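The values are calculated or read from the model by the stated rules, or taken from the named source; none is laboratory data. Note that the coordinates shown come from a computational prediction; the quantities given were computed from them, not determined experimentally. Neighbour counts are summed over all protein chains in view; Cβ atoms, including those assigned to glycine, are modelled from backbone coordinates with ideal geometry. All accessible areas refer to the heavy atoms of the entire protein, side chains included, with ligands and DNA or RNA removed. Shrake-Rupley method; radii C 1.70, N 1.55, O 1.52, S 1.80 Å.
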Amino acid sequence: MTSVLLIYPYFNNPHNRSSFRFPPLGLGYVAASLRNAGYEVDILDCTFMKKEEALKKAKCAGADVVGIYSMVTMQNDSILFARHLRDCCDLLIAGGPLPSCDPLSFMNDFDVVVKGEGEQAMLELLRTYDSGCDPQSVKGIVYRKWNYGRVKEKWQGEIVFTDPRILESDLDKIAFPARDLFPNDRYIDYWKKKSGNAATTVFTTRGCPFSCEFCSNAVFGISYRERSPENVVDEVEQALSFGYDRIHFADDVFTLNRERVLRICDEIRRRGLHFKWECLGRVDSIDEEISIAMKDAGCDRIYFGIESGNDSVLKLMKKKITPDKARKAVYAAHEADLQTGAFFILCYPGDTDDTVLETLRFAVSLPLDYLSFTMPYPLPGTALYERVKGRISKEWEAPDSLISDHVLIFDADFSENKMKFAIIKGEAQFGMKKRFGNYSFLVMKPFEHLTNFMFRLMK
């Protein structure tokens, strides 16, 4: 039987200040699909490994077929693995967000790119590989036309794009991810040391029906599909059985369908499950009632992608929210005793000095427990990328700065130093508010006036 190795080439940059570390569920789903079909499958999750160790393990695995996940921040390492393993396996497959929206950039190093949802495409691809047939019938892939027969000689010739794959409509039919193939002990240990809880992820939906300008929807497109509450909580119980005690619902829009969220909360309570959980929410789908229901079912934290405090910039981003809606949602969650977090993009194309400072004031004014600022990143496949692609000056690479883990990759209206100054300024003001509480204005106001002046002077 054909053996398969799936690789998640994430290596933590020492300057990366993000604490989020979760298993690659996408590969877990693919692994479960292949294993249920009788294939021998393993996952190489590099999250807690040194690069040399991971490359050695990948080579020693001796798999016939190797699938490698990639996104913008992992592109160089995914290609490094492909080149390292080129002579050690018969078939190299790339998948994930970046290969899905820019497959040609991978075709010099990979044999096949799977575009979009991968479970069924990978299964069909392996079956054609086993039979020695041309995979033109496999929908949703890009490959080089080959001659019949196995291995190296066939990966030559024209590049073929097969017909698009129709997304699976019934998510309850998809097998739960193969969590036993993840280094669960390492994740549990990491989170216990970081926060006292052991967190892992669960996806209850796929896709997002919105079209925010900066957001990549390369894998699922503009779509939205839900799992039933019963199916979701079944997987929650499975995840908890591995020793985790906290669930991060990682959907783009977990709270979109109000009635479904309430049913998930009811199902958690009905089964008598006691665990803490968190989610990402849209500000236009959160109010006091649903916040209280989530709290009663174990939720203790919600994150909002607000992105700007200026209405014109939000319209430019195509967020379809307003600062007023954002404020009401954060306060509703806060009043229900949920911890709140928010994400903002500073110096977005179309921002001015005034709108950036307005966003900073707005963000710091909210009753938040966690606040994240970033600079804009025009990801391939996004509308923002199309708008500024003529100004992209370099490829993304991991920053080596001790001060900031952000990097500017296009010629923007703000310099990289000015963007970083705005981020540090916002973080400092938020820190003052948390530390000094009701008396924060005594230090924050003078600091804000001084740094506003400095920000305006910068180019």
Quiz item: Taking into account only those residues within the range 45-63 that are out of contact with any Pro (no Cβ under 8 Å at 6 or more places or on another chain), part of a helix (DSSP H, G or I) and of a type in the set (A, V, I, L, M), which is most open to solvent (accessible area, probe 1.4 Å)?
Solution: Ala61
Exercise. Show the residue pairs that are 6+ apart or on different chains and have beta-carbon atoms under 8 Å apart, the first residue being within the range 116-140 and over 15 Å from Phe220 (Cβ atoms) and β-branched (Val, Ile, Thr), the second being in a loop (DSSP other than H, G, I, E, B) and at pLDDT below 95.
Key: Thr128/Asp134
Quiz item: Counting only residues that are modelled with pLDDT under 95 and of a type in the set (Lys, Arg), which one in the range 434-459 is nearest to the chain's Cα centre (by Cα)?
Solution: Lys434
Exercise. Say whether the condition of being at pLDDT 95 or above, open to solvent by 10 Å² or more (accessible area, probe 1.4 Å) and in a loop (DSSP other than H, G, I, E, B) is met by at least one residue in the range 121-135.
Key: no
Exercise. Have a look at Ala54, Ala94, Ala61 and point out the one that is more than 30 Å from Lys394 (Cα to Cα) and either modelled with pLDDT of 95 or more or not aliphatic (A, V, I, L, M) (or both).
Key: Ala61
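Name the single residue, out of those in the range 64-88 being outside any helix (DSSP H, G or I) and modelled with pLDDT of 95 or more, that is farthest from Thr162 (Cα to Cα).
The selected residue is Asp64.
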Quiz item: If Asp353 passes every condition in (1) crowded, with 16+ Cβ neighbours inside 10 Å; (2) at pLDDT below 95; (3) acidic (Asp, Glu) but one, which one does it miss?
Solution: (2)
Quiz item: What residue, among those in the range 166-201 that are touching a helix residue (DSSP H, G or I) at 6+ places or on another chain (Cβ under 6 Å) and without any contact (Cβ under 8 Å) to a residue 60 or more places away in the chain, is most open to solvent (accessible area, probe 1.4 Å)?
Solution: Asp172
Exercise. Kindly establish whether Val160 is among the β-branched types (Val, Ile, Thr) and surrounded by fewer than 17 Cβ atoms within 10 Å (Cβ to Cβ).
Key: yes
Exercise. Could you list all residues from the range 93-134 that are at positive phi and more than 25 Å from the chain's Cα centre (by Cα)?
Key: Gly132
Quiz prompt | Positions within the range 361-393 being over 21 Å from Gln429 (Cβ atoms), out of contact with any strand residue (DSSP E or B) (no Cβ under 7 Å at 6 or more places or on another chain) and either in a strand (DSSP E or B) or among the polar types (S, T, N, Q) (or both), in sequence order | solution = Thr382
Quiz item: Is at least one residue of the range 271-284 part of a helix (DSSP H, G or I) and open to solvent by 60 Å² or more (accessible area, probe 1.4 Å)?
Solution: yes
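State whether the residues of the range 383-395 include one that is at pLDDT below 85 and surrounded by 16 or more Cβ atoms within 10 Å (Cβ to Cβ).
No, that holds for no residue.
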Quiz item: Only one residue in Asp42, Asp77 is crowded, with 20+ Cβ neighbours inside 10 Å and within 24 Å of the chain's Cα centre (by Cα). Which one?
Solution: Asp77
